[in-house]
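The values are calculated or read from the model by the stated rules, or taken from the named source; none is laboratory data. No experiment lies behind these values; they were computed from the predicted model shown. Virtual Cβ from ideal backbone geometry, glycine too; neighbours counted across all protein chains shown.
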């Protein structure tokens, strides 16, 4: 018996590193023909973090919490107005604490025909939690979102895409249809747990397709890239997804994309998707439901 805690990774026995790699793994690729003969799919998502980015670390910064509040005051109204203007449905992943702070916002989301998914309790990091705490927070989060919106979430996105060794088994225990936190492909795939098929659909994310990677500004770190260059990257992703007949998934944040100088990026992507004439724009739930038919 090896005490792997005392070993360097290059000293691990083969079974140990194989077990670690295979704990959660991408299985069958799920790219069925899209509905109504559409060539590709586009799914817009928004992580409604608001003040939770500061709260989850025990922070007390009034400045950072005001930045989060901007997401509620200006970002969300702009996003919801734009989606309504173009008759688009999207998915919003909401920490339970934020749902409790802004219940009317969540009710407006579902009232507009959009989907709400689990995004942790207070944007906590799953990998540092005990299994019983992670399970409790995930279940309480689902209960809270259901109580506020009247809809039981069927999907999740872990906060900061932080996935513990137990996250998938808890999601299975909860009967969730899909996850959207991992990065093994561009299009949907079935998740495997210890080599076992789970029936859980993964709608993969990527920092390349996340507005925060480009626009996150702090007191010591300036904006990395101009809005028009971010649009160019997102548009390249879209054009290649269209060429391959697969999926474009985007992750955005109300307190980041919702500014006057950035919200136009979302509208340009919507216009480009509609202009093709054969693009299916759907929520993550709809994409997962469709992809699951290929399992």
If we scan the stretch 253-262, do we find a residue that is in a helix (DSSP H, G or I), at pLDDT below 95 and touching a helix residue (DSSP H, G or I) at 6+ places or on another chain (Cβ under 7 Å)? no
If you go through 117, 58, 75, 37, the only one that is farther than 22 Å from residue 146 by Cα and surrounded by 23 or more Cβ atoms within 10 Å (Cβ to Cβ) is 75
Taking the stretch 75-100 only, how many residues are over 17 Å from the mean Cα position of the chain (by Cα) and under 20 Å from residue 250 (Cβ atoms)? 12
Considering residues that are within 15 Å of residue 265 (Cα to Cα) and touching a strand residue (DSSP E or B) at 6+ places or on another chain (Cβ under 8 Å), the number found within the stretch 229-247 is 3
Odd one out for residue 85, checked against (1) in contact with a helix residue (DSSP H, G or I) (Cβ under 6 Å, 6 or more places away or on another chain); (2) closer than 26 Å to residue 269 by Cα: (1)
Just checking, how many residues over the stretch 202-245 are more than 18 Å from the chain's Cα centre (by Cα), closer than 29 Å to residue 289 by Cα and either part of a loop (DSSP other than H, G, I, E, B) or at pLDDT below 95 (or both)? 1
Single residue of 52, 45, 31 found to be touching a helix residue (DSSP H, G or I) at 6+ places or on another chain (Cβ under 9 Å) and either surrounded by fewer than 13 Cβ atoms within 10 Å (Cβ to Cβ) or closer than 15 Å to residue 289 by Cα (or both): 31
A careful count of residues in the stretch 247-272 that are surrounded by fewer than 21 Cβ atoms within 10 Å (Cβ to Cβ) and farther than 17 Å from residue 84 by Cα gives 4
Restricting to the stretch 273-295, give me the number of residues that are crowded, with 19+ Cβ neighbours inside 10 Å and assigned to a helix (DSSP H, G or I). 7
Residue that is over 26 Å from residue 106 (Cα atoms), modelled with pLDDT of 95 or more and loosely packed, with under 14 Cβ neighbours inside 10 Å, where the choices are 186, 194, 133: 194
Working only within the stretch 126-148, note down all residues that are more than 27 Å from residue 79 (Cα to Cα) and in contact with a helix residue (DSSP H, G or I) (Cβ under 6 Å, 6 or more places away or on another chain). 126, 134, 135
